[in-house]
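The values are calculated or read from the model by the stated rules, or taken from the named source; none is laboratory data. As the structure is a prediction and not an experimental result, all values here were calculated from the model. Neighbour counts are summed over all protein chains in view; Cβ atoms, including those assigned to glycine, are modelled from backbone coordinates with ideal geometry. All accessible areas refer to the heavy atoms of the entire protein, side chains included, with ligands and DNA or RNA removed. Shrake-Rupley method; radii C 1.70, N 1.55, O 1.52, S 1.80 Å.
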Amino acid sequence: MCDDLVKKLYAAGDFFTAGFMEYGDGFFGAVKTYLNRAPLPEYNGTELYPLCSIWNVRGILDYSYSFSAILNANMLENSSLDGCERAKLLNKYCSYHEVGSCISDRYALSGRGYTHFCPELERFIDRSLPEYFSMFEGTDEFRTKMSVLGNAVTGYVGRIAEYLGTFSSERARRLKKAYDNFLADKAESFFDAFVRILFVFALDGMDSLGNVDKCLEKFRRSGGEEKLFSELYSAYENNNAWNMALGTSAETSVVALDGFAGACRPNLSVKVDENTSDEIWNACFSAMERGARPAFYNRRGYETAMKKLGVDDADIPRIAYGGCSETMLSGLSNVGSVDAGIDLLNVLSEVWKRKIYGSFDDLYGDYLSCVRENIRTIVRETNDEMTAMRARPQYIRTLLCPPCAENGREYNDGGAKYNFSVIHICALANAADSLYALKKLVFERKQFGYVEVMDIVGNDFKNGENYLAALGGLRFFGNDDPEADCIAADIFDNVCGELDKHKTAIGGNAFLPACIMFNSAVATGKMTEATPDGRRAYAPVANSGGSVTGRDKVSPTALLNSVASIYPMRAVGSWIVNITLSSDFIKGENARAALKALILSYMQNGGCQLQINITDKKTLYAAVDDDELAKTLIVRVGGFSERFSNLSREFRKFIADRTQY
């Protein structure tokens, strides 16, 4: 029925879409056909290859590491297919995607359904490619399909080796030898292992890598390995790739950090504790002086929290971070990241205007009840989405997740060992500040009436100078004030407590609270009118799990004490906190020792993650409107690192306005 359509797609070189239409299982056919037929990425004489996703030929259907295949409507519209053929293609595509998203717009904050992954690496290093894929051998339909795809990947690697053999350079010969070795035996050298890691990264579509340092630590270095990391990091930036974890192996972590040469990615996630070597700390600080923006993660906190969630002791070393910062277990987990989220300020904006409250307790009780109700809805919608994902197989990630072979199940059908879901908690500081302002100024001090404040806020603080002045006398969340911090902690406790009651539809695992704002603080704020904390209508919300921008006025220690008071390690999906410091904090032995102590103290008090911008305030403000200057700056945003020039001017200003210590 589709023979002519398939022939047209083959003739156009759109092998992915051709395979999708040729086989009954469209995603199986798309992956198999592409691997067998698609041209290889071009080799340009670099140390490593390929330095891009192998899914680099755009067609009517594009490969998606999140949703298997994404329709490119423009390509379809401009294709040579006639109306009937387009309808056939759309009908088959919609048979997988007809459910759409079960997560409503209200909860689509910083994410909507499945996205990131950290693939298996160690087994690819410790055995040949055919030996790795032998785990899928079997006679049932699932194993037969996966064996076919494993053979297709092996054939693709064989084509790479043959292609590299057409070049005469020493670099090409070295690469060919590494790929030949990949087909025949375990990795023999640091370079062999690095080539395999890069290939797995490219095969997965260039998303995130786990503990690369741990995978490489057993190999002797011959010198120049930092250049391999530099090429890898450039590939991260050029392909808009995401995360890589460090901190497990001291020597390799130092080499990896020394490899920073100006790329804005990956989002380097450095796991630290009191036993982290000074070599790693100094390598981090030196890289920061050169413009890198690694983030620090509470190794012991994550390990303890994941054990409580049922992760086996043997799997704990695989803790890593996908995308911006979402917690994963390399090669073992399927983590919705970020599946959905709750805007705590928007919920308050709805509740506090429902009626004229006579007491703070009544208002607060209604608010917390509404928060819990929203969480229950989020869980229901997320589980519906997770169930719907079973219709969208992700065969490449099935190949890169060994438990899928052990369980005999596809990745999105429960094949992974752990199936978590990250739920984003947005604008905690704004909600806590607003409630604290009402508590102090209306119910306790009675400086303003409830209706009066409703009118002031409803008019976006027009003629509200006295109210704004009164707000200026309050110590909001972020200044180590126990009364303000207590409200934030209580709200946080209610959110986490409600999420603790529920399990994922697939796997029966936990929902992981998180605060990962990405670059959504501005967009999220545009959905909410003015609020009692003095925030103007449609202004940005808090940029992370820390304070509202500019309200942390005491010290970095006070800010981190406030955040620690909520015990953010409960948000094991990753509770991101931004802090901005001057370059003085990393210059000299004493300054570095003080910064190390600040980070470790925060984590010993229950901190989860800390990302630090080292900036010169004048330069940052100058770069808001200077695109050329902005290209030279790398900043931590709301979980990820980015070149300043890639952000909107509005968002650049928002980052520049952060308190600098």
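Rounded to whole numbers, the Karplus 3J(HN,Hα) couplings from phi for region 355-372 are 7, 8, 7, x, 8, 5, 4, 5, 4, 5, x, 5, 5, 5, 4, 5, 4, 5 Hz, using 6.51 cos²θ - 1.76 cosθ + 1.60 with θ = phi - 60°, and x at Gly and Pro. Contact order, relative form, for region 191-318: 22 percent (alpha carbon pairs under 8 Å, 6 or more residues apart, mean separation divided by residue count). Using bins 5 angstrom wide from zero, how does P(r) for region 1-43 break down, in % of all Cα pairs? P(r) over region 1-43, rounded to whole percents: 6, 29, 31, 21, 8, 4, 2, 0. Only beta bridges with both residues in the chain are counted; by DSSP, about 35 percent of them are antiparallel.
Surface calculation, 1.4 Å probe, protein heavy atoms: V311 sits at approximately 10 Å² accessible. With bins 5 Å wide beginning at 0, the percent of Cα pairs of region 465-509 falling in each bin runs 5, 18, 14, 14, 13, 10, 8, 7, 5, 4, 2. Since only V195, Y621, A489 are under comparison, the one whose Cα sits farthest along the positive direction of the charge dipole of the chain, derived from C-beta charges on Lys, Arg, Asp and Glu, is Y621. Once C-alpha pairs closer than 8 Å and six or more residues apart are averaged by separation and normalised to the residue number of region 229-386, the relative contact order reads 18 percent.
Whole-Hz Karplus values for region 60-77 come out as 5, 10, 9, 5, 10, 6, 9, 10, 6, 8, 10, 6, 9, 4, 5, 5, 5, 5 Hz, taken residue by residue from phi with 6.51 cos²θ - 1.76 cosθ + 1.60 and θ = phi - 60°; glycine and proline positions read x. Within the accessible surface of the chain, defined with a 1.4 Å probe on protein heavy atoms only, the carbon and sulfur portion equals 47 percent.
Under the definition of Cα pairs under 8 Å and six or more residues apart, what whole-number percent is the relative contact order of the chain? Relative contact order here is 14 percent.
Can you classify region 280-409 as rounded, prolate or oblate using the Cα gyration tensor, where a ≥ b ≥ c are the square roots of its eigenvalues, rounded means a/c under 1.5, and otherwise it's prolate if a/b beats b/c and oblate if not? Oblate. In terms of accessible area, using a 1.4 Å probe and ignoring ligands and nucleic acids, R171, R652 rank largest first as R171, R652. Roughly speaking, what is the centre-to-centre gap between region 422-461 and region 85-160 when only Cα atoms are used, to the nearest Å? Taking the Cα centre of each part, region 422-461 and region 85-160 sit 48 Å apart.
If you take the alpha carbon radius of gyration of region 452-542 and divide it by 2.2 N^0.38 Å, what ratio comes out, to two decimals?
Working it through for region 452-542, the quotient is 1.41.
Estimated at 0.36 nm per residue, the fully extended path between F360 and S222 surpasses their Cα-Cα distance by 43.0 nm.
For D82, the solvent-accessible surface computed with a 1.4 Å probe is close to 70 Å², ligands and nucleic acids excluded. A 1.4 Å probe run over region 90-222, with the rest of the protein chains in place, finds 41 Å² accessible per residue.
The residues neighbouring P403, those whose beta-carbon lies less than 15 Å from its own, together hold a net charge of -1 under the Lys/Arg +1, Asp/Glu -1 convention.
Dipole check for region 158-313: with +1 at the C-beta of Lys and Arg, -1 at the C-beta of Asp and Glu, and the Cα centre as origin, the magnitude is about 300 Debye.
What number does region 136-265 give for Rg over Rh if you use C-alpha atoms and the Kirkwood radius?
1.00
With K and R counted +1 and D and E -1, the other residues having a Cβ less than 15 Å from that of A514 yield a net charge of -3. Couplings 3J(HN,Hα) of region 237-245, computed from phi: 5, 5, 10, 6, 7, 10, 10, 8, 9 Hz, in residue order, whole Hz [Karplus 6.51 cos²θ - 1.76 cosθ + 1.60, θ = phi - 60°; x for Gly and Pro].
For G464, the amide hydrogen comes within under 5 Å of no other amide hydrogen, counting only partners 5 or more places away or on other chains and with H modelled in the peptide plane.
For region 535-609, the solvent-accessible area of protein heavy atoms averages 34 Å² per residue (probe radius 1.4 Å; ligands and nucleic acids excluded).
I'd like the distance separating the alpha-carbon centroids of region 583-616 and region 357-408, in whole Å. Each part reduced to its Cα centre gives a spacing of 34 Å. Of the trypsin sites (Lys or Arg not before Pro) found in region 345-424, those that fall in a DSSP loop while having at most 15 other beta-carbon atoms within 10 Å are K353, R354, K355. Using only the Cα atoms of region 514-661, build the gyration tensor, take square roots of its eigenvalues as a ≥ b ≥ c, and label the shape rounded, prolate or oblate: rounded if a/c is under 1.5, else prolate if a/b is larger than b/c, else oblate. Because a/c hits 1.5 or more and a/b fails to exceed b/c, region 514-661 counts as oblate. Across every pair of non-identical alpha carbons in the chain, the mean reciprocal distance, once inverted, gives a Kirkwood radius of 26.0 Å.
Summing -39500 (n - 2.57) over the DSSP H runs of n ≥ 4 in the chain and dividing by its residue number, what mean residue ellipticity at 222 nm do you reach, to the nearest 500 deg cm²/dmol? So the helix-based figure for the chain works out to -13500 deg cm²/dmol.
With every protein chain left in place, what is the accessible area per residue of region 390-430 in square angstrom, probe 1.4 Å?
18 Å²
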